[in-house]
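I have placed the structure first, in the form of structure tokens, so that the comments after it can refer back to it.
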Amino acid sequence: MTQPFPWSILGIAPTRERKAIRSAYARAIKAMDLDADVEGYARLRHARDVALQRAAAPETGEA
């Protein structure tokens, strides 16, 4: 079973740990060619932003 967005893009399990989200983003961005994959970079940034928003949101029982 694949992970849902944004975790599948970041390559991590769902988490509320901001440090883990930022680390996954940093690893992913270092592995990509930003000039060749502008759309991929946009998806990655969006995934990071959504994950950080979820981490900051009040606990609702889902990550």
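The values are calculated or read from the model by the stated rules, or taken from the named source; none is laboratory data. Note that this is a predicted model, so its numbers are computed, not measured. Cβ atoms come from the backbone with ideal geometry, glycine included; neighbour counts cover every protein chain shown. Please note that ligands, DNA and RNA were not included when accessible areas were found on the heavy atoms of the full protein model with its side chains. Shrake-Rupley method; radii C 1.70, N 1.55, O 1.52, S 1.80 Å.
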(Q) Just to be sure I understand: with springs between alpha-carbon atoms less than 10 Å apart, which residue in Leu44, Leu52, Leu34 has the highest mean-square fluctuation in the Gaussian network model of the chain? (A) Leu34
Q. Under the rule of -39500 (n - 2.57) per DSSP H run of 4 or more residues, summed and divided by the residues of the chain, what mean residue ellipticity at 222 nm is obtained, to the nearest 500 deg cm²/dmol?
A. -17500 deg cm²/dmol
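Identify the trypsin sites (Lys or Arg not before Pro) of the chain meeting these criteria: DSSP loop state and at most 14 other C-beta atoms within 10 Å of the C-beta. Please list the in-between numbers first.
Details: sites: Arg16, Arg18, Lys19, Arg22, Arg27, Lys30, Arg43, Arg45, Arg48, Arg54; in loops: Arg16.
Of the trypsin sites (Lys or Arg not before Pro), the ones in loops of the chain whose Cβ has at most 14 other Cβ atoms within 10 Å are Arg16.
State in Å² the accessible area per residue of the chain; use a 1.4 Å probe, count heavy atoms of protein chains only, and round to the nearest integer.
70
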